[in-house]
Every structure is written in C-alpha cells, then in structure tokens.
C-alpha cells in the first residue's frame, strides 16, 4: 500500500473514532502494549484482495491506536506463522519479538447470508496472551458490498462526513443541510476499510495513545 493510501486510511480511522459509535469493549485482563500481528487468514481465494489490504493496514492502524506492533510481513518469517497458532509458535513469537499479545485476523464470508443479495463479509480480531493462549479480546464486524460508508452534505457549508455509524441518524446534517450524496463501499479495499473502522472503535486504546 502506497504512502498516500496509507495516510488516507489513517485519516478515515481517526475520523471514525470521533463519530457516534458502539461502546469500547475492555480487555479480559491487562491491556497489552506490544503485539505480534499474524498474517490475515481468509476463508476463500476471492477474499484475497481484501485480506491483503487488511494485512497491509494493520501495522499503521495498531500503531496509531497506541500499540507497539510487529508487522505481519515480519512475523511471517517465523516458521509456522501462517498456520493456526500453536503453543510453540506463541512461545517463539515472545522469544523473537518480546511481545505480550498476538493478534489474529480472520476474514470470511458469512454463512447463511441471503443468496439473493450481496454476500456479507466478516472480519474478526482475536488478541491472545502468548503465555497461555488465553483470549484477551475478540470481536467481529460484518459489512456488505454497497454499504454506505460516508455522505456528502449539501450547501451551504458543505462538508465531507466520514462516519460508518450514521444509519439511525436523521437525514439532515449540521446547520440544516440535507444529505445529497452517499458514498458506498464498492471495491474490496473500501469494504476492508469499513470492517477495520467498525472494529477499531470497539478496541481500547493502547498505552501509547494514553501517553501522547
């Protein structure tokens, strides 16, 4: 992912954090400070482009959220990193990278979704304690191609509103402007951004964010 695209993703995620959003879900225990990001697992080859985008974004996303993070491309050099995590792998990640958590990202098509409509896609994050394999935090976000990800407001005072959590808001913007254009997730990258934003607003900030 090029620098311009990475910056755009980071800005979108920051804006999402300012929006009306679901409650933050606390960790089951102490909040980790340094993560090893495992390569993204996907349930089918068709999700490959989306999985690549998620994987290339995770290091920036986690760093900006206050966590020290070892990128998936670096973690992948450890034997077994692309398979389901084993106790041996977790021990090796601690030894090599001095991490206190491992992030697993799983991307899949939602089973049982209506065949007549667009296929729902789910992204799940799971944070493991590498000392004992205990789940510290896990949450899933679901999105569908064509879902609204932003709206443009009409004049006067037009502005771009990047907010994935406005489905229940009235169709009127600040200052009485009406919503005139909806931006929808069409590409794999746009859908992946929507999934990342939905999960990030529920993830507690890391110690780096609190110290800034």
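Each value in this text was obtained by applying a stated rule to the coordinates, not by laboratory testing. Quick caveat, the model's predicted, so the values are computed rather than measured. So basically every Cβ, Gly included, is an ideal-geometry build from the backbone, and we count neighbours across all protein chains shown.
Can you tell me the Rg and the Dmax, both Å, for the Cα atoms in the range 47-152?
Looking at the range 47-152, its Cα Rg and Dmax stand at 15.8, 50 Å.
Round to the nearest 0.05 the FRET efficiency obtained for residue 82 and residue 182 when R0 = 30 Å and r is the Cβ-Cβ distance.
0.20
In what sequence do 141, 88, 52 fall when counting other Cβ within 10 Å, fewest first? Kindly include the intermediate steps, with their values, before the conclusion.
Details: 141 20, 88 10, 52 16.
Fewest-to-most ranking of 141, 88, 52: 88, 52, 141.
At 7 Å along Cα-to-Cβ for each site, give me the label-to-label distance between residue 132 and residue 91 in nm.
In this crude label model, residue 132 to residue 91 measures out at 1.7 nm.
Kindly put 127, 27, 97 in sequence by how many other C-beta atoms sit within 10 Å of each C-beta, fewest to most.
Result, fewest neighbours first: 27, 97, 127.
With r as the distance between the Cβ atoms of residue 30 and residue 109 and R0 = 30 Å, compute the FRET efficiency 1/(1 + (r/R0)^6) and round to 0.05.
E(calc), rounded to 0.05, equals 0.30.
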